[in-house]
Each structure stands twice: as C-alpha cells, then as structure tokens.
Amino acid sequence: MSAAVILKNYPDINHLKDSKILTSKKRKEIFEKLKKNSIIGVGFSSIIEIEKFNILQATFFSMWRAIESLKEIPDLLLFDGNMVPPNMKIKSEAIIKGDKLIPEISAASIVAKVVRDAHMKILDDKYPGYNFKNNAGYGVKSHFNALKTLGVTPIHRRTFKPIHNILCEEN
C-alpha cells in the first residue's frame, strides 16, 4: 500500500514528521487535517501481484496507483528511499530518509500508516485470532502461533518462507 500527497493549504507543516515517531493518535489527527487541506492518493497492490511479480514490483504498482488516484498531476514526484519506480512520466527524485526530511513525503508516510492500520483493523475483524490490528502486518510471535493453530488465510503470501514452511508442515 502506498500514498501520495500534494500539500495545498496544510496549516501545520512543522508537525509533519516521520510517521514512525508519531503516536497513532497524532497520525490520525494529522491525517484528518491532510484530508481537508491536501490532495491525497492511495494505491494498493494485491497478494496475487506480490506472489506473481515480487514485493518490489508490487510496491511500484501501488505507488503508480497512488499517483494515478491524485486529483491533480504534480510537477515533481518525490519518493522515500533510493529508487524511483520505472517508467515515471513525471519528473521524479528518490530521497533517502525522505520521510524525515521532506514534508510531502512525511505526509504520505502518515497517510499510508493510517490507511494501513484501518485496513488491518478490518482484517482483524474478518480473521479473528490473528491479532492483525496489533501486529500491523508484521510477523510477530503471537501471529505465527495463530497461523500454526488457526491455519493460513487467503491474505497470507504463500511464497513467504515462514508461511510456506507452515503449509509444508500441514501436508
């Protein structure tokens, strides 16, 4: 899942920080302000795309979709990290640690985390017992224990080695 943000009239640009250092409550507050004062785009890639193409290519798909969902076309795209997705038709630049340095990248990081957390809550309701709302999609011990006792769900990547190993143990 990826997000893109064009800051328009965002009033508190100094509050835009790396999403990892903000509390969930603060991220949600900023997200609500961003929805009112910015242009936001969000893009997803599917489990099928991750399995078929790989995680990096699927990430590029979600980035393209986030950009395509913007209601305005930006003059410049700034990406957090060291890579620009291939075939960008807009001038683009990768910025290492951009989420700490560039307010627009910080804003996109905040949007991505808030949307991801909301999505994980939905998955937690759909698949109780896996603790999705608290593990945020990362493989924590309680989640792996649930996988072993409850089984693998349709949202788990079967080519991910720990999942693959669980499936092999079942057979």
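Key figures
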quantity	calculated
Calculated log₁₀ intensity ratio I(q)/I(0) where the Debye formula runs over C-alpha points of the stretch 18-139, q = 0.09, 0.10, 0.19 Å⁻¹	-0.27, -0.34, -1.23
Share antiparallel - DSSP beta bridges, the chain, percent rounded to 5	60 percent
Mean separation of Cα contacts under 8 Å (6+ apart) over length of the stretch 57-121, as relative contact order %	24 percent
Solvent-accessible ranking of Phe79, Phe144, Phe53, largest area first, probe 1.4 Å	Phe53, Phe144, Phe79
Relative contact order (%) - the stretch 21-171, alpha-carbon pairs under 8 angstrom, separation at least six	18 percent
Residue among Met88, Met63, Met120 with the largest mean-square fluctuation in a Gaussian network model of the chain, springs linking Cα atoms under 10 Å	Met88
Ranked by how many other beta carbons lie within 10 Å on average, peptides 56-62, 123-129 from highest	56-62, 123-129
Over 21 Å [Cα-Cα, the stretch 71-171], rounded percent	53 percent
Under-5 Å amide H pairs with Ser92, H placed in peptide plane, nonlocal only	Leu77
Gap separating the Cα centres of the stretch 117-168 and the stretch 78-94, nearest whole Å	31 Å
In sequence order, calculated HN-Hα J values of the stretch 59-75 (Karplus, 6.51, -1.76, 1.60; Hz; x Gly/Pro)	5, 4, 4, 5, 5, 4, 5, 4, 5, 5, 7, 5, 7, 10, 9, x, 7
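The values are calculated or read from the model by the stated rules, or taken from the named source; none is laboratory data. Predicted model, so just to flag it, every value in this text is computed and none were measured. Note that we place each Cβ from the backbone using ideal geometry, even for glycine, and neighbour counts take in every protein chain shown. With ligands, DNA and RNA removed, areas are computed over all heavy atoms of the protein, side chains included. Shrake-Rupley method; radii C 1.70, N 1.55, O 1.52, S 1.80 Å.
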